[in-house]
Amino acid sequence: MATKRDYYEILGVSREASDAEIKKSYRRLARSHHPDANPGDHEAEDRFKELTEAYEVLSNPEARRAYDTYGHQVPRGAGAAGYPGGGDPFGGFQDIFEAFFGDRSFGGSFFGASTAQGPSRGSDAEVDVEVSLREAAFGADREVNVQVVRNCGVCDGVGGTESHVCPTCSGAGSVRTVRESILGQMVTTQACSTCGGRGRVIDVVCDNCRGSGKISEVEARRLRVPEGIESGMRLRISGGGHAGDPGAAPGDLYVRINVKEDQELMRDGEDLIHRMRISFVDAALGAEVDVPTLEGPKQVRVDAGTQPGATLTLRGDGMPRLRRRGRGDLKVLVDVMVPTRLTAEQRELLERFESTSGEETYNGGGGSFFDRLRGVFR
Ligand SMILES: [Zn+2]
Ligand SMILES: [Zn+2]
């Protein structure tokens, strides 16, 4: 266990402090260090826990006496009896934490407004949609089937065909309790246990939903896949999720987009990449070749002397940009195919070709082949 600070020091009071002084100091410090007042600040949270622990011990006369005598090393047995939670001096810490602040939210008159727990919102639904690269590029209208929980149409989500207003909560679905605590009045709001938060008590259970008030159904939904969308992106359809309690909003529907891999075009952000294989003869002599694009094949000129690994850039033939104007580029990576099976005649032709060629055949007269190779890797 890490070295624990002195409880009096934590609360900023003297060892002779009265109960009222301890209480006053705790209230003041707890207010400024409460986690809800310092969201995400773990130091404040630790400090708040430390404060509450110190207060728990010093506000209990027996526990305070034991602490004054033994300090933090309270022995099990006699001396520890005064601590709430028996032998463990800090076992009751969580209880006091929750008693004061009720599930970490402030109670009415102590710090401010209470957190209302009315009918709860429906949960979110999720569905996957697979689109082709072309659909991702230009957008598409798709119909998707979504399994969602809806309020039963027969009983309007109540769960019964005959029901009466809940006498406990008068139809509100939640109940407020006001309690006196050492820190003042505490107000908590909880779902009504009589009606389970529905606000109505059921007399005749609905057959359609067997009393749950909800039915699960498959809903067909048309949606627009926006142009330029990428795999893994999610579209949110507000209110398209599962039904909530009667009177509460439904959840949202998230549509996760999965873009199918294309056989010819690989996506690289807003650019597209196509690997093109041409014969070594076409690479040497130059050729007109067909390059697949999103709009269909496009004829492109490959220059004579094109090297393996060369890149041809087709400006503006890439992916449309999501929520921006313009398009990326289509980059064509050139692969040069070398023959793997030659007939006797072809072999002879190549041998004749080879016998007539020298270094200048490959370097085009400007620098040696190795100089140019160095240029590629520089
Ligand atoms: Zn029903
Ligand atoms: Zn009720």
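Things to note:
- Taken as Cα centroids, the range 189-204 and the range 221-269 sit 35 Å apart, rounded to the nearest whole angstrom.
- Ratio Rg/Rh, restricted to the range 125-268 and using Cα atoms, in which Rh is the Kirkwood radius: 1.21
- With neighbours defined as other Cβ atoms within 10 Å of a residue's Cβ, the residues ASP262, ASP335 order from fewest to most as ASP335, ASP262.
- Cβ-placed point charges (K, R +1; D, E -1), dipole of the range 232-374 about Cα centre in debye, nearest 20: 840 debye
- Put in order of Cβ neighbour count within 10 Å, fewest first, the listed residues PHE280, PHE138 become PHE280, PHE138.
- Less than 5 angstrom separates the built amide H of LEU272 from those of MET319, ASP329, LEU330, LYS331, all sequence-distant by 5 or more or on a different chain.
- Residues LEU322, LEU253, sorted so that the one with the fewest Cβ neighbours within 10 Å comes first: LEU322, LEU253
- Loop-located trypsin sites (Lys or Arg not before Pro) across the range 298-338 with a Cβ neighbour count of 13 or fewer within 10 Å are ARG315, ARG323, ARG324, ARG325, with loop assigned by DSSP.
- Spacing of the modelled spin labels on ASP128 and ASP268, each 7 Å from Cα toward Cβ, amounts to 2.8 nm.
- Amide H contacts for ALA140 (H built 1.01 Å from N in the peptide plane; partners 5 or more residues away or on another chain; cut-off under 5 Å): VAL225.
- R0 of 35 Å, Cβ-Cβ distance TYR254-ASP203: FRET efficiency to nearest 0.05: 0.35
- The distance from the alpha carbon centre of the range 1-32 to that of the range 122-136 is 55 Å, rounded to a whole number.
- 3J(HN,Hα) along the range 189-205: 10, 10, 4, 5, 7, 5, 10, x, x, 7, x, 10, 9, 7, 9, 10, 5 Hz, from the Karplus curve 6.51 cos²θ - 1.76 cosθ + 1.60 with θ = phi - 60°, whole Hz, x for Gly and Pro.
- Annotation for GLN147 and ARG277: the two label points, set 7 Å from Cα along the Cα-Cβ direction, are 4.3 nm apart.
- Dipole magnitude of the range 137-273, debye to nearest 20 (Cβ charges: Lys/Arg +1, Asp/Glu -1, about Cα centre): 700 debye
Rule-based calculations on the coordinates, nothing more; no lab input. Predicted model only: the values in this text are computed from it and were never measured. No Cβ is skipped: glycine too gets one built from the backbone with ideal geometry, and neighbour counts run over all protein chains shown.
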